[in-house]
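Structure first, commentary second.
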Amino acid sequence: MGLLIKGGEIVTAETRLKGDIFIENETISAIGTGLAVPPGTEVIDAAGMLVFPGFIDPHVHIHLPFMGTFAKDNHAAASAAALIGGTTTFIEMACPSRKDDTLETYHTWKQKAEGNSACDYAFHMGVARYDDKTEAQLMEVVKDGTTSFKIFLSYKNFFGVDDEEMFRTLKLAAKLGVITTAHCENAELVAQLQQQLLAEGKIGPEWHEPSRPEAIEAEGTTRFATFVEQTGATGYIVHLSCAPALRAAVDAKMRGVKLHIESVLPHFLLDKSYAERAGVEGMKHVMSPPLRDKRNLPVLWNALKTGLIETVGTDHCPFDTEQKLMGAKAFTQIPNGIPGIEDRVNLMYTYGVKRGGLDIHRFVDALSTGAAKLFGLYPRKGTIAVGADADLVVYDTSYRGKISAATHHGINNYNGFEGFEIEGRPSVVTVRGKVQARDGAFVGKPGIGRLLRREPQCN
Ligand code: URP
Ligand code: ZN
Ligand code: ZN
């Protein structure tokens with residue numbers, strides 16, 4: 001049976017038009033006005049609503065062993081929350097630590113997601129050390145359709161790679177035509193500053209930001225860009241948080257370095273005063289790179305509006321308050337991360353499009369189309385076109401509400417955006433033509449999400 005989404009205002013990264021979308025066999029088979037459809041077609045009335053392509057979150061952690069614990073999430077819950085918020089595809093970081101085997105890690109992450117995610121998904125393959133065995137295994141991973149790598153310049157002795165390993169990873173990525181995503185902070189400087197601050201008795205969450213100042217992120221960004229330039233690779237900076245790092249990245253882009261920039265939801269809306277709150281309230285807002293001085297926020301918004309920042313992810317990485325309290329005696333023990341997968345679209349729509357002058361097409365590009373193009377998912381995902389997967393978000397711009405842990409659908413016991421107003425939310429969300437969410441509730445089938453196999457995209 002077909003599905004007709006009727007009379008909505010269809011908004012893509014390039015176009016805006018009123019019309020109908022007809023879906024058969026998981027894909028969009030016609031777009032037009034007054035489409036004639038076969039008897040028995042299910043009709044969704046989208047009059048007065050916007051219809052967006054399904055949103056893509058390019059930076060997500062669901063299964064994550066980190067800082068002596070595990071992120072508080074699973075694929076069933078995270079994907080349902082994602083769908084309620086309009087995200088129909090996520091790309092998860094498969095993160096080995098230095099002692100882990102790459103291929104085993106890849107299979108572990110695949111097994112965790114398989115049959116459990118209610119939306120489609122892909123992986124960035126983490127590289128935590130580089131030797132001949134790792135190289136051979138990374139080639140297998142790419143052959144399996146996972147065509148992006150992830151490296152950490154931070155988290156010394158855990159996820160982090162050294163310069164030689166970064167160089168060899170980028171060389172391999174260039175040879176294979178795959179993109180390398182990178183967390184850009186100088187690991188050694190962070191480790192030194194952390195020890196210095198603790199030795200001075202500075203143990204609270206308010207010292208997290210001073211232990212990883214903007215200059216340390218700018219250094220990581222510059223070094224990553226230089227390595228990308230010298231290896232001929234394509235790089236993607238994840239969760240860029242501040243003006244000095246942005247300047248370093250833009251400087252490299254202006255030299256012609258193939259470099260792309262992502263920022264994430266918390267850095268557009270929250271500043272370091274949230275992490276300076278006393279006790280667990282501050283700990284809830286500890287992430288890396290840290291929340292910054294508020295003067296950075298308009299810089300990030302302007303860079304997003306002009307397209308210097310190309311994509312917006314979440315860095316969804318939930319730890320509950322009990323886990324956050326592991327760092328009660330030392331900020332260095334607070335598990336880093338904050339959830340956001342359910343809230344990205346509504347918050348960016350509200351504070352960007354509705355209240356902040358962000359062009360609606362730029363919004364679609366930054367939250368969907370751009371990531372689809374960079375990570376080899378386009379035009380199957382990231383647009384509304386005949387032949388594309390029918391991942392659609394019928395968006396109700398008249399909705400008014402507030403973000404709260406009392407009403408969110410993630411399994412974490414707090415929400416870092418508690419109390420933020422939202423103006424708009426998805427009314428109907430489809431994954432390959434199946435209605436998976438309606439008006440703030442998951443109504444679909446769990447476990448129907450598929451792993452998206454991709455081709456190398458940087459040739
Ligand atoms: O604080 C964060 N961002 N936690 C997740 C791991 C990472 O660095 O992306
Ligand atoms: Zn990171
Ligand atoms: Zn991350």
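The values are calculated or read from the model by the stated rules, or taken from the named source; none is laboratory data. Values in this document were obtained by computation on a predicted structure and should not be read as measured data. FYI the Cβ positions are ideal-geometry reconstructions off the backbone, even for glycines, and counts take in every protein chain you see. Note: areas computed on protein heavy atoms with side chains; ligands, DNA, RNA excluded. Shrake-Rupley method; radii C 1.70, N 1.55, O 1.52, S 1.80 Å.
What the table below lists for this structure:
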read-out	value
DSSP-defined antiparallel bridges as percent of all bridges, the chain, nearest 5	45
Amide H contacts of residue 234 (H built 1.01 Å from N, under 5 Å, at least 5 apart or other chain)	180
Relative contact order computed over segment 39-157 (Cα-Cα under 8 Å; 6+ residues apart), in percent	24
Those lysines that a straight Cα-Cα span of less than 26 Å connects to residue 143, excepting residues fewer than 8 apart in one chain	99, 110, 112, 133, 171, 175, 258, 373, 381
Residues of type aspartates and glutamates that residue 6 reaches as a straight line, Cα spacing below 20 Å, ignoring anything fewer than 8 places off in the same chain	20, 24, 26, 42, 45, 389, 391, 396, 439
Surface accessible to a 1.4 Å probe, per residue, for the residues of segment 156-294, Å²	36
Of all accessible heavy-atom area on the chain, the percent that carbon and sulfur account for (1.4 Å)	52
FRET efficiency, residue 361 to residue 253 (Cβ-Cβ, R0 22 Å, nearest 0.05)	0.55
For segment 1-80, accessible area per residue (1.4 Å probe, heavy atoms of protein chains only), Å²	40
DSSP beta bridges in segment 49-160 [antiparallel fraction, %, rounded to 5]	15
Exposure of residue 373 as accessible area (Å², to 10), given a probe of 1.4 Å and all protein chains	100
Debye log10 I(q)/I(0) for the chain, one point scatterer per Cα, at q = 0.08 Å⁻¹	-0.42
Within-10-Å neighbourhood charge of residue 61 [Cβ basis; K, R +1; D, E -1]	-3
Fraction of beta bridges assigned by DSSP in segment 305-459 that are antiparallel (%, nearest 5)	95
Helix-only CD estimate at 222 nm, as mean residue ellipticity for the chain, using -39500 (n - 2.57) per DSSP H run (n ≥ 4)	-8500 deg cm²/dmol
Surface accessible to a 1.4 Å probe, per residue, for the residues of segment 384-459, Å²	42
Hits among lysines - C-alpha to C-alpha of residue 294 under 21 Å, sequence gap 8 or more where chains match	272, 284, 305, 354
